[in-house]
Amino acid sequence: MTLASLLRLFFLAAIWGASFLFMRMAANSLGPAVLIEFRVGFAAVTLFIVALYLKRRLAFTEHKKHFFIIGAFNSALPFLFFAYAAQTISASTLSILNSTTPIWGVVVGVLWTKTKPNKSMVLGLLLGLIGVAILVGQNHFVLNSQSIMAIIAALSASLCYAIASHYTKNAPKLAPFDNAHGSMWASSFMVLPLILFMPIREIPSTNIMLGVLVLGVVCTALAYILFFKLIDDIGPTSALTVTFLIPLFGIFWGHLFLDEQIGPNTLLGALFVIVGTMLVTGFLPRKKHLAKTS
């Protein structure tokens, strides 16, 4: 990995970690539907401007079924789930729960392709579950039906990402930029009607709207472009390491700007989830052969 790719990796983790901060700031005033419509709408318009600059035509109607599928599972549904969860649980906890995506990927793979997980994957799944349990335990003093639903929603968002990743393996082979561009427009069309059922709650402040603008333009549109650039440079497997870095930035931003407390449960839960994810994805080095002693 070159220095440029390494810097892109850390920058991507930083801005994706910040996305949970901005959702946490805006979710209660805007409501999940309005917040996410702004997010995917700003992203779609940004990518459209980039497409005009690059003179790239988007064949939306020819691949609309594909764009709506990938838009639903890679953007609309997970973004809505996270926005719902952001009304209740902290940005740092959201970022940690987001890191369970590769773990869900193994579960989906077992059900989708009937592949059997190895011992490392099973251990990783168990560690991930323990990590989630620790994160839930840190909020035992406020644990109620609302916070439980928020945690389930955040885990459901990660599950959606896992489903999307498996779908794309057999999906129409389009350019990564076109997938991002088309899926953002499809997402905006799907989320828009939900505003009628989850309307805005109060007029947001200027700071909140600036945060939502950054969420759409930087944390979504530009992040996708950066991620696809990483895939081109270092491959999808190495690009996946961003998953391990996001919680570190999510915890940092939440503590810095929202004064979220970093307790031992947060750090321990994050450790279990990250190590579990590394085992599941095969990133954790392990000795295949033990030297015999005599």
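The values are calculated or read from the model by the stated rules, or taken from the named source; none is laboratory data. In this text, all values refer to a predicted model and were calculated from it rather than measured experimentally. In this analysis, Cβ positions are derived from the backbone assuming ideal geometry, glycine residues included, and neighbour counts consider all displayed protein chains. Heads up: the accessible areas ignore ligands, DNA and RNA and are worked out on the full protein's heavy atoms, side chains in. Shrake-Rupley method; radii C 1.70, N 1.55, O 1.52, S 1.80 Å.
Key figures
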quantity	calculated
Matching option when the condition is in contact (Cβ under 8 Å) with a residue 40 or more places away in the chain, open to solvent by less than 60 Å² (accessible area, probe 1.4 Å) and more than 18 Å from the chain's Cα centre (by Cα), among GLY216, GLY211, GLY182, GLY131	GLY182
Top-ranked residue in segment 218-260 [being among the hydroxyl-bearing types (Ser, Thr, Tyr) and more than 17 Å from MET278 (Cβ to Cβ); ranked as modelled with the lowest pLDDT]	TYR224
Residue among PHE67, PHE79 that is on the phi < 0 side of the Ramachandran plot, open to solvent by less than 30 Å² (accessible area, probe 1.4 Å) and in contact with a Phe, Trp or Tyr (Cβ under 7 Å, 6 or more places away or on another chain)	PHE67
LEU6 being part of a helix (DSSP H, G or I), free of Cβ contacts under 8 Å to residues at least 12 places away in the same chain, surrounded by fewer than 22 Cβ atoms within 10 Å (Cβ to Cβ) and within 21 Å of the chain's Cα centre (by Cα)	yes
Top-ranked residue of segment 263-288 - restricted to ones that are at pLDDT below 75 and open to solvent by less than 80 Å² (accessible area, probe 1.4 Å), ranked as nearest to the chain's Cα centre (by Cα)	PHE283
Segment 85-104 residues that are touching a residue at least 40 places away in the same chain (Cβ under 8 Å) and surrounded by 24 or more Cβ atoms within 10 Å (Cβ to Cβ), paired with ones that are part of a helix (DSSP H, G or I) and among the basic types (Lys, Arg) (beta carbon under 6 Å, 6 or more apart)	ALA86/ARG24; ALA91/ARG24
